[in-house]
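See below for the structure under consideration.
The values are calculated or read from the model by the stated rules, or taken from the named source; none is laboratory data. Computed from a prediction, not measured in an experiment: that's the story for all the values here. A quick note on method: Cβ atoms are made from the backbone with ideal geometry, for glycine too, and the neighbour counts reach across all protein chains shown.
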Amino acid sequence: MSTATWSGMQRDSGLQLTDIDHIRQSVRDILLTPQGSRVMRRDYGSLLSALLDQPQNETLRLQIMSACYMALLRWEPRITLDSIRYQPGFDGSMEVALSGTRNQSTFSLSIPVS
């Protein structure tokens, strides 16, 4: 794991983002981008979009965790995941809660995925 400080641009406003905010934006982009949708980078993204309309059960929970882990392992080298929690809402919404380490410090973030 590198100790470099990351600087990026906020997708909506163009303002500067640093470290955990840039990671949060990148994680959300990776998880919400369907695999195969980016020209010249067909492998980018996750399989999460294919799971959104499935019955909410234990199998789906494991598939969501696997889709998140595999995508972030490949596309976000700045973090190491310790846990992934899937939180379904009563209205069919979903949220993925991630926790892990980055530069020997812990982080946690929640990403709405529906």
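The figures follow:
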| item | result |
| --- | --- |
| Evaluation of Thr59 against (1) crowded, with 17+ Cβ neighbours inside 10 Å; (2) assigned to a helix (DSSP H, G or I); (3) β-branched (Val, Ile, Thr) (one fails), failing number | (1) |
| Candidate set: region 65-100, residues that are in contact with a strand residue (DSSP E or B) (Cβ under 8 Å, 6 or more places away or on another chain) and touching a residue at least 40 places away in the same chain (Cβ under 8 Å); chosen: the one farthest from Gly8 (Cα to Cα) | Met94 |
| So Gln16, is it of a type outside the set (A, V, I, L, M) and more than 18 Å from Ile111 (Cβ to Cβ) | yes |
| Single residue of Arg74, Arg78, Arg85 found to be part of a loop (DSSP other than H, G, I, E, B), under 20 Å from Ser46 (Cα atoms), at pLDDT 85 or above and among the basic types (Lys, Arg) | Arg78 |
| Subset of region 49-64 [without any contact (Cβ under 8 Å) to a residue 24 or more places away in the chain and charged (D, E, K, R)] | Asp53, Glu58 |
| Top-ranked residue of region 43-56 - restricted to ones that are outside any helix (DSSP H, G or I) and under 17 Å from the mean Cα position of the chain (by Cα), ranked as surrounded by the most Cβ atoms within 10 Å (Cβ to Cβ) | Ser46 |
| Meets criteria (part of a helix (DSSP H, G or I) and at pLDDT 90 or above) for Tyr69 | yes |
| Selection count, region 7-35, where residues are loosely packed, with under 14 Cβ neighbours inside 10 Å, of a type outside the set (A, V, I, L, M, F, W, C) and not in a strand (DSSP E or B) | 5 |
| Boolean, Thr101 is in a strand (DSSP E or B), exposed (fewer than 14 other Cβ atoms within 10 Å of the Cβ) and of a type in the set (Val, Ile, Thr) | yes |
| Matching entry among Ser110, Ser114 (being at pLDDT below 95, part of a loop (DSSP other than H, G, I, E, B) and either in contact with a Ser or Thr (Cβ under 8 Å, 6 or more places away or on another chain) or surrounded by 13 or more Cβ atoms within 10 Å (Cβ to Cβ) (or both)) | Ser114 |
| Total residues in region 10-30, condition modelled with pLDDT under 85 and touching an Asp or Glu at 6+ places or on another chain (Cβ under 9 Å) | 2 |
